[in-house]
Amino acid sequence: MVHSEAAAADVLVAGAGPVGLTAAAELRRRGIRCRIVDRLPARLPYAKAVGIQPRTLEVWDRMGFVRAALEAAVPMRGQLAYVNGVEQFRLDLVLPPEVPYRFASLPQYETERIIEEFLEGFGTRVERGTELVSFAQDADGVTSRLTTPGGEEEVRTRFLVGCDGAHSVVRKGLGLAFEGGAFPEEYMLADVEVDWDLPYGYGVRAMHRDARGAVDDLLVCIPLPGDRRYRVSMLVPPELSTAPPHGGDAVVHGLEGGRVPELGHVQAVLDRLSPQPTTASALRWSSVFRISHRLVDRYGQGRVFVAGDAAHIHPPTGAQGMNTGIQDAWNLAWKLALALEGAGAPGLLASYDAERRPVGEEVVGRTVRHAAQGVQADPQDADTLMMREAQLLVGYRGSPLVQAAGPGDDDGSGPRPGDRAPDCGGLSGHIAAYPLRLYDLLRGREHVLLLYGPGPAPDGLAELSSAVRGFAPGRVQVCAILAEAAPEADRGAQVPVYRDGRGEFARMYGVREPAAFVVRPDGYLGARLCPPTLSGLAAYFSGVFGS
């Protein structure tokens, strides 16, 4: 067995799907030594997860590669729904104008390619054909055993992150409970072209109900890049159906090998359910898959963590799975980086489970309800429903890593600690002749302290920013956002100053008086202080960086 020294790393990431790639890319972006391994010899050419939520695009914006994703994706504008051949409704995916991105569709192999190319820009490549087979942890680190194309290897790292899917070796090695169940139905997926003339960018959901009202036939089509190209899913015909396997870990989820639907199977369903007569062609791939719904009892133990399908699996309703996993990795990576640098407070890593497990629990429960009863199972107003499906309402209020709720925190005026930091436009500087968005100021940064002033300059701006830099040296960047334009007032401010000329920041953040907002590296508000005080900021940052 080879003991790896040349490829020393602080973190080993097991699994190079979108979740593992996100974890590795975020660690490398922060300068953390990292290895990422995957048992497969190459990316799978399957359009498994295709829906990209607006919140995920915001994450990719902050990471720095959203443009590549936007150029490769196609818009997901809505859904057309049919029952027994009759159109029931047309759902348009509409979001408020201040949300910078809309819904998109992108094959999973393209998502993986884009993140992998970004990761390679930091000098790290996926080690393919390399599988984690076991690990053991102690107080100082984790010893992992790998099988590689050249034999066995033992690698020592300080942390291990399991992004290795529904049958995760990491989850099993930790002995985590993975409670839930499986749906009895089997489905088939296929990537095809069709010659119908339905509206561009709209998914299709067509079903047949029997005399009792039960659904006995189903067709779901999601647009993909290409002319009239869709990923279609439908119930498996009897000749491809098998009894669910028994034994093992009893997790039945994902693509099933050995049974490959043919173009004729797809065409038969289209003949029954397509809203227009159409012919399928150019079958790129097909497979049978099953769906389970499960959630771990905790997202990690000691120096080992799980994310994505290793932590939660559920129906693909609303394209929540991959997007939730990407945001697991996004949440964990910046905390691991601080811990590795010796700059994290004692409870920093524990906040990963505290923040992300409730999200996983909510997503599993909601997607199971929607799979069984439709979106109407959650009778919310249309705007709230759309924001939730876009994952823009995910938040961490009550987390040990955000400022505790205080008086007035339920008055509804602007985001509160733990909420997503919303974007806004209309910001301007003294040199750039074009308006900026708030996300332009946050891109590529870690913790950002936004100091708002309703006048030309808040009192004590220079002193406050200097003090913050003193107790969190090099880890917090400060920006001032002021309501009035008075360039001479910026002299001596020692921080970048931007004007809220259209009042969009004040409106979106619900402020009229001097205020301070701490935006965490993952784009959530850690603290909101009205008025800003040094003691309040010190109390918040001590919970992140330690005293």
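The values are calculated or read from the model by the stated rules, or taken from the named source; none is laboratory data. In this text, all values refer to a predicted model and were calculated from it rather than measured experimentally. Heads up, the Cβs are rebuilt from the backbone with ideal geometry, glycines too, and the neighbour counts pull from every protein chain shown. Keep in mind that these areas ignore ligands, DNA and RNA; they rest on the heavy atoms of the full protein, side chains included. Shrake-Rupley method; radii C 1.70, N 1.55, O 1.52, S 1.80 Å.
Of all the criteria given as (1) out of contact with any helix residue (DSSP H, G or I) (no Cβ under 9 Å at 6 or more places or on another chain); (2) modelled with pLDDT under 90; (3) outside any loop (DSSP other than H, G, I, E, B), the one not satisfied by Asp409 is (3).
Meeting the requirement of 1 or more residues that are touching a Ser or Thr at 6+ places or on another chain (Cβ under 7 Å) and surrounded by 21 or more Cβ atoms within 10 Å (Cβ to Cβ), the strands (runs of 3 or more DSSP E) wholly within the stretch 274-388 are 304-306.
Give the stretch 164-175 a look and list any residue that's assigned to a loop (DSSP other than H, G, I, E, B), over 20 Å from Ala333 (Cβ atoms) and in contact (Cβ under 8 Å) with a residue 24 or more places away in the chain, or say none.
Our first condition is that a residue be assigned to a loop (DSSP other than H, G, I, E, B); within the stretch 164-175, this holds for 164-168, 175.
Next cut, over 20 Å from Ala333 (Cβ atoms) only: 166-167, 175.
The answer is Ala166, His167.
For the structure I just gave you, tell me whether Glu179 is surrounded by fewer than 15 Cβ atoms within 10 Å (Cβ to Cβ) and within 30 Å of Asp216 (Cα to Cα).
When the stated conditions are applied, Glu179 passes them.
Taken together, Thr111, Thr124 contain a single residue that is assigned to a helix (DSSP H, G or I) and not basic (Lys, Arg), which is Thr111.
Apart from one condition, Val495 fits all of (1) open to solvent by less than 50 Å² (accessible area, probe 1.4 Å); (2) modelled with pLDDT of 90 or more; (3) not small (Gly, Ala, Ser); the exception is (2). The residues of the stretch 65-117 that are in contact with a Pro (Cβ under 8 Å, 6 or more places away or on another chain), among the acidic types (Asp, Glu) and at pLDDT below 95, listed by number, are Glu87, Glu98. Scanning the stretch 150-170 for residues that are crowded, with 19+ Cβ neighbours inside 10 Å and modelled with pLDDT of 95 or more yields a total of 11. The numbered conditions (1) modelled with pLDDT under 95; (2) open to solvent by less than 50 Å² (accessible area, probe 1.4 Å) are all true for Gly501 except (2). Residue check: Gly342 meets all listed conditions (1) within 30 Å of Asp423 (Cβ to Cβ); (2) free of Cβ contacts under 8 Å to residues at least 12 places away in the same chain but one, namely (1). Gly173 meets the conditions (1) in contact with a Phe, Trp or Tyr (Cβ under 7 Å, 6 or more places away or on another chain); (2) closer than 20 Å to Asp10 by Cβ; (3) open to solvent by less than 40 Å² (accessible area, probe 1.4 Å) in every case but one. The failed one is (3). For the stretch 29-54, filtered to residues that are outside any loop (DSSP other than H, G, I, E, B) and among the aliphatic types (A, V, I, L, M), the residue that is nearest to Leu132 (Cα to Cα) is Val37.
Going by what's in this entry, would Pro435 be described as at pLDDT below 95, within 27 Å of Ser547 (Cβ to Cβ) and open to solvent by 50 Å² or more (accessible area, probe 1.4 Å)?
Spelling it out, it is not the case that Pro435 is at pLDDT below 95, within 27 Å of Ser547 (Cβ to Cβ) and open to solvent by 50 Å² or more (accessible area, probe 1.4 Å).
Determine, yes or no, whether Leu57 is closer than 20 Å to Glu389 by Cβ, in a loop (DSSP other than H, G, I, E, B) and open to solvent by less than 20 Å² (accessible area, probe 1.4 Å). For Leu57, the condition - closer than 20 Å to Glu389 by Cβ, in a loop (DSSP other than H, G, I, E, B) and open to solvent by less than 20 Å² (accessible area, probe 1.4 Å) - is not met. For the condition at pLDDT 90 or above, out of contact with any Gly (no Cβ under 7 Å at 6 or more places or on another chain) and outside any strand (DSSP E or B), Ser465 does not qualify. Is one or more of the residues making up the stretch 146-163 in contact (Cβ under 8 Å) with a residue 40 or more places away in the chain, part of a loop (DSSP other than H, G, I, E, B), within 21 Å of the chain's Cα centre (by Cα) and within 21 Å of Thr324 (Cβ to Cβ)? Yes; the residues of the stretch 146-163 include at least one that is in contact (Cβ under 8 Å) with a residue 40 or more places away in the chain, part of a loop (DSSP other than H, G, I, E, B), within 21 Å of the chain's Cα centre (by Cα) and within 21 Å of Thr324 (Cβ to Cβ). Based on what the data block shows, is Glu87 surrounded by fewer than 17 Cβ atoms within 10 Å (Cβ to Cβ), among the acidic types (Asp, Glu) and assigned to a loop (DSSP other than H, G, I, E, B)? In short, no. Checking the structure you have, find out if any residue of the stretch 204-213 is in contact (Cβ under 8 Å) with a residue 12 or more places away in the chain, out of contact with any strand residue (DSSP E or B) (no Cβ under 7 Å at 6 or more places or on another chain) and of a type in the set (D, E, K, R). Scanning the stretch 204-213, I find no residue that is in contact (Cβ under 8 Å) with a residue 12 or more places away in the chain, out of contact with any strand residue (DSSP E or B) (no Cβ under 7 Å at 6 or more places or on another chain) and of a type in the set (D, E, K, R), so the answer is no. Quick check on Arg102: is it part of a loop (DSSP other than H, G, I, E, B), charged (D, E, K, R), touching a residue at least 12 places away in the same chain (Cβ under 8 Å) and surrounded by fewer than 24 Cβ atoms within 10 Å (Cβ to Cβ)? Yes.
No other residue among Arg62, Arg67, Arg35, Arg55 is free of Cβ contacts under 8 Å to residues at least 60 places away in the same chain and either within 19 Å of the chain's Cα centre (by Cα) or more than 30 Å from Pro199 (Cα to Cα) (or both) apart from Arg67. The residues of the stretch 202-233 that are more than 16 Å from Ala190 (Cα to Cα), open to solvent by 30 Å² or more (accessible area, probe 1.4 Å) and outside any loop (DSSP other than H, G, I, E, B), listed by number, are His208, Arg209, Val215, Asp216.
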